[in-house]
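The values are calculated or read from the model by the stated rules, or taken from the named source; none is laboratory data. Please read these numbers as outputs of a predicted model, since none were measured by experiment. Reconstructed Cβ throughout: ideal geometry from the backbone, glycine too, with neighbour counts over all protein chains shown. These area figures cover heavy atoms from the full protein model, side chains too; ligands, DNA and RNA do not enter into them. Shrake-Rupley method; radii C 1.70, N 1.55, O 1.52, S 1.80 Å.
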Amino acid sequence: MKKIITVLVLLPFLVSCDDLITPAEENIRSIDAMYNEPSYAQGILANAYILLPYSASSNTDVATDDAVSNNNDNTFLKMASGGTWASNNDPLTQWATSRHAIQYINLFLERTDSVNWAQDAVIKEGFKERFRGEAYALRALFMYNLLRAHGGWTSDGQLLGVPILTSAEDANSDFNIARNTFKDCMDSLLADANRAVELLPSEYADLNNDADIPARYKAKGITNVTDYNRLYGATMGGRITGRVAEAIRAQATLLAASPAFSAGSSYTYKQAADYAAKVIDDIGGIGGMAANGFTWYTNTTEIANLASGANPKEIIWRGGTSENNDLETDNFPPTLYGKGRVNPTQNLVDAFPMVNGYPITDQRSGYDDTDPYYGRDPRLTAYVVYDGSTQGPSSSVITTGTYGTITDDQLNRESGYSTRTGYYLRKLLRSDCNPYSMYNVKQKHYTSYIRATEMFLDYAEAANEAFGPTGMGGHAYSAYDVIKAIRKRAGVGTDNGDAYLESIKGDQSKMRELIRNERRLELCFENFRFWDLRRWKVSIEKLTETARGMQITENADGSLKYTPIDVEARKYEDYMYYGPIPYEETQKWSNLQQNAGWTR
């Protein structure tokens with residue numbers, strides 16, 4: 001898919017054989033050339049795919065209570081600890097990228113009906129509908145990212161989104177237009193997502209028999225598998241699908257229903273729960289939860305056997321696979337020839353419960369602060385490298401404590417190459433990579449765009465608020481059911497029937513706290529925490545919570561002493577629950593109103 005998109009993006013800039021002999025004016029082809037060249041037309045839409053807003057790295061996490069960076073030049077470190085976040089210095093901005101993508105999408109939508117997609121009338125109509133569906137889904141996605149990064153309350157009490165653009169801009173357009181309300185933007189987003197769901201297949205897959213063709217496509221005249229597979233077969237894998245559009249709809253509605261936005265959006269947790277449940281039902285309900293979903297990034301056999309465009313059970317949408325060791329080079333400890341860039345915090349480590357399911361602050365947990373990593377939630381070992389655990393192709397023991405003779409991996413808050421917190425990142429990395437230049441072993445990786453686990457957690461959060469912990473709201477499962485399944489999959493509470501969960505399942509407030517914590521653990525280092533804290537409108541004290549670490553020294557008797565330490569203060573102001581509109585845009589366009597609190 002990646003190679004196809006790259007070629008398609010380049011096509012609009014290539015010239016025909018005739019142009020080589022008689023160049024077109026200024027050697028630039030008109031966009032109207034797409035009408036008779038389907039590949040050229042696809043190149044317009046492919047530009048939106050190229051601008052997809054996903055990252056393989058833990059970027060925003062180092063600006064939260066979950067992690068810090070040991071790179072003093074890290075943009076997000078400066079933003080969180082140095083007070084550099086401003087409307088003219090916004091590393092989170094989606095303004096230019098997402099609006100560029102929407103411009104390409106609108107150009108495509110205005111012309112796609114006139115493109116000669118195929119000679120056969122039925123096939124031509126099928127391509128036209130599918131491409132329109134992709135464009136609508138992509139426009140919904142980019143609107144979601146704009147709202148998350150730039151939606152907010154103004155000083156006069158309005159909850160605004162961004163200007164809604166449903167037609168392509170040109171030199172004669174009026175660019176000085178006001179922001180639409182957040183609700184209007186959500187309405188537009190959902191209209192696009194709903195259109196996409198109607199036009200797109202749930203997934204792209206080859207069929208073997210004419211009888212397997214869904215009725216809605218038979219009604220359109222697609223009656224043989226050759227034609228169906230040409231339009232919706234496995235070769236289209238990697239493109240946006242109806243199921244992805246459903247997931248985007250669920251993500252956006254949860255954002256709008258959250259405390260930071262609900263008062264001005266008119267969207268509810270019930271709507272968010274219903275949309276998330278639709279995705280969950282499509283993948284088989286709770287029974288469809290992937291048993292190995294919480295280690296999706298290192299399920300080596302599964303990754304090795306991935307067919308082009310195919311998704312593992314845990315993944316709703318993903319990027320392509322590539323063979324590299326980039327994440328390992330950045331994040332392995334120094335003794336494994338890594339830079340140790342992302343350092344999990346003590347704050348996050350403390351959030352992992354004991355294996356019996358009780359939080360470490362609960363007297364029933366059995367937590368021992370003189371042996372803090374014993375008997376913990378298995379996800380702690382899966383996601384974090386702590387003192388005495390192993391990492392790398394040879395399962396090397398990593399010593400982060402300030403004792404012993406191997407000092408490279410030890411806690412050093414100032415060095416810029418070892419851990420500042422006493423922890424190294426394990427999640428997202430593959431232990432069978434080796435960055436050492438003598439070996440330079442690379443393995444397949446892929447970027448997860450949307451995971452099924454996110455949809456389960458979206459539902460649990462919304463259902464708890466809408467129906468209570470055990471209410472189902474007409475669905476086949478409750479928030480309690482989902483959280484029980486997620487914890488059981490991780491190996492938490494399996495020996496005692498998850499007694500802690502059972503003790504709080506009648507308390508909506510305590511269930512809310514647990515759901516948020518499970519979301520923190522399951523989605524850590526995947527760029528969720530920064531946005532979650534803000535949409536939940538947590539207290540400013542929580543938003544500015546100091547990132548902490550663990551210093552481990554050796555006592556005279558050889559035992560270890562564990563001392564929590566402060567590592568990095570957070571400098572956020574009370575208006576920073578919402579991101580800014582870019583300063584240069586507000587200076588150019590007088591009708592573009594800034595969110596409250598942001599000046600420069």
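Taken over segment 128-157, the criterion of being of a type in the set (Ser, Thr, Tyr) and under 19 Å from Tyr217 (Cβ atoms) is satisfied by Tyr136 alone. A count restricted to segment 256-273 and to residues that are surrounded by 23 or more Cβ atoms within 10 Å (Cβ to Cβ), assigned to a helix (DSSP H, G or I) and under 21 Å from the mean Cα position of the chain (by Cα) stands at 4. In segment 578-600, the residues that are more than 18 Å from Phe182 (Cβ to Cβ) form Cβ pairs under 9 Å with partners that are modelled with pLDDT under 95 and open to solvent by 30 Å² or more (accessible area, probe 1.4 Å), at six or more places apart or across chains, as follows: Tyr583/Thr599; Tyr583/Arg600. Would you check if Ala276 is within 30 Å of Ala466 (Cα to Cα), out of contact with any strand residue (DSSP E or B) (no Cβ under 6 Å at 6 or more places or on another chain) and open to solvent by less than 40 Å² (accessible area, probe 1.4 Å)? Criteria met by Ala276.
Evaluating Asn145 against the criteria (1) in contact with a Ser or Thr (Cβ under 6 Å, 6 or more places away or on another chain); (2) over 18 Å from Ala250 (Cα atoms) leaves one unmet condition, (2).
When you scan segment 524-539, do you find a residue that is more than 25 Å from Val279 (Cα to Cα), over 22 Å from the mean Cα position of the chain (by Cα) and modelled with pLDDT of 95 or more, even just one? Yes; the residues of segment 524-539 include at least one that is more than 25 Å from Val279 (Cα to Cα), over 22 Å from the mean Cα position of the chain (by Cα) and modelled with pLDDT of 95 or more. Out of the residues in segment 571-600 meeting the condition of being among the small types (Gly, Ala, Ser) and within 12 Å of Ala86 (Cα to Cα), tell me which one is least open to solvent (accessible area, probe 1.4 Å). That would be Gly579.
In segment 325-341, the qualifying residues are those that are open to solvent by less than 30 Å² (accessible area, probe 1.4 Å) and not in a loop (DSSP other than H, G, I, E, B), and the one that is nearest to Gly233 (Cα to Cα) is Leu327. For segment 37-93, enumerate the residues that are closer than 26 Å to Asp350 by Cβ and among the β-branched types (Val, Ile, Thr). Hits for segment 37-93 are Thr60, Val62, Thr64, Val68. Scanning segment 560-591 for residues that are in contact with a Phe, Trp or Tyr (Cβ under 9 Å, 6 or more places away or on another chain) and either at positive phi or among the basic types (Lys, Arg) (or both) returns Lys571, Lys588.
The helices (runs of 4 or more DSSP H) found wholly in segment 1-106 and carrying at least 3 residues that are modelled with pLDDT of 95 or more occupy 38-50, 75-81.
Residues are listed down the side, and each one gets a yes or a no for (1) touching a Cys at 6+ places or on another chain (Cβ under 6 Å); (2) open to solvent by 50 Å² or more (accessible area, probe 1.4 Å); (3) aromatic (Phe, Trp, Tyr); (4) under 27 Å from Ala462 (Cβ atoms):
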| position | (1), (2), (3), (4) |
| --- | --- |
| Gln508 | no, yes, no, yes |
| Asn517 | no, no, no, yes |
| Phe528 | no, no, yes, yes |
| Leu533 | no, no, no, yes |
| Ser539 | no, yes, no, yes |
| Met550 | no, no, no, no |
| Pro564 | no, yes, no, no |
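Ile486 meets the conditions (1) open to solvent by less than 30 Å² (accessible area, probe 1.4 Å); (2) in a strand (DSSP E or B) in every case but one. The failed one is (2).
Per-residue answers, yes or no, for (1) out of contact with any Pro (no Cβ under 7 Å at 6 or more places or on another chain); (2) in a loop (DSSP other than H, G, I, E, B); (3) crowded, with 19+ Cβ neighbours inside 10 Å:
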residue	(1), (2), (3)
Ile280	yes, no, yes
Gly287	yes, no, no
Asn343	yes, no, yes
Tyr373	yes, yes, no
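Of all residues in segment 534-545, those that are farther than 22 Å from Ala256 by Cβ have Cβ atoms under 9 Å from Cβ atoms of residues that are open to solvent by less than 40 Å² (accessible area, probe 1.4 Å) and among the basic types (Lys, Arg), 6 or more apart or on another chain, in Thr544/Arg570; Glu545/Arg570. Six or more apart or on different chains, Cβ under 7 Å: which pairs go from a residue in segment 67-96 that's hydroxyl-bearing (Ser, Thr, Tyr) to one that's modelled with pLDDT of 95 or more and open to solvent by 50 Å² or more (accessible area, probe 1.4 Å)? Could you list them? Close Cβ pairs satisfying both conditions: Ser69/Arg341; Ser81/Ala569; Ser81/Lys571; Thr84/Lys78; Ser87/Tyr583. The residues on offer are Ala245, Ala178, and the sole one that is aliphatic (A, V, I, L, M), at pLDDT 95 or above and open to solvent by less than 40 Å² (accessible area, probe 1.4 Å) is Ala245.
Pairs meeting the criteria (first residue in segment 223-236 and of a type in the set (Val, Ile, Thr), second residue loosely packed, with under 15 Cβ neighbours inside 10 Å, beta carbons under 6 Å, at least 6 apart or on different chains) are Val225/Asp210.
Among the residues making up segment 211-242, those that are over 35 Å from the mean Cα position of the chain (by Cα), aliphatic (A, V, I, L, M) and surrounded by fewer than 18 Cβ atoms within 10 Å (Cβ to Cβ) are Ala211, Ala219.
Looking at (1) among the small types (Gly, Ala, Ser); (2) within 17 Å of Tyr383 (Cβ to Cβ); (3) not in a loop (DSSP other than H, G, I, E, B), find the lone condition where Ala462 falls short. For Ala462, the exception is condition (2).
Within segment 198-216, restricting attention to residues that are touching a residue at least 24 places away in the same chain (Cβ under 8 Å) and part of a helix (DSSP H, G or I), the residue that is farthest from Asp274 (Cα to Cα) is Leu199. Every condition in (1) touching a Ser or Thr at 6+ places or on another chain (Cβ under 8 Å); (2) part of a helix (DSSP H, G or I) holds for Arg195 except the one numbered (1). When segment 289-311 is limited to residues that are among the polar types (S, T, N, Q) and not in a helix (DSSP H, G or I), the one that is surrounded by the fewest Cβ atoms within 10 Å (Cβ to Cβ) turns out to be Asn305.
Restricting segment 62-78 to residues that are under 20 Å from Leu543 (Cα atoms) and surrounded by fewer than 24 Cβ atoms within 10 Å (Cβ to Cβ), the residue that is farthest from the chain's Cα centre (by Cα) is Lys78.
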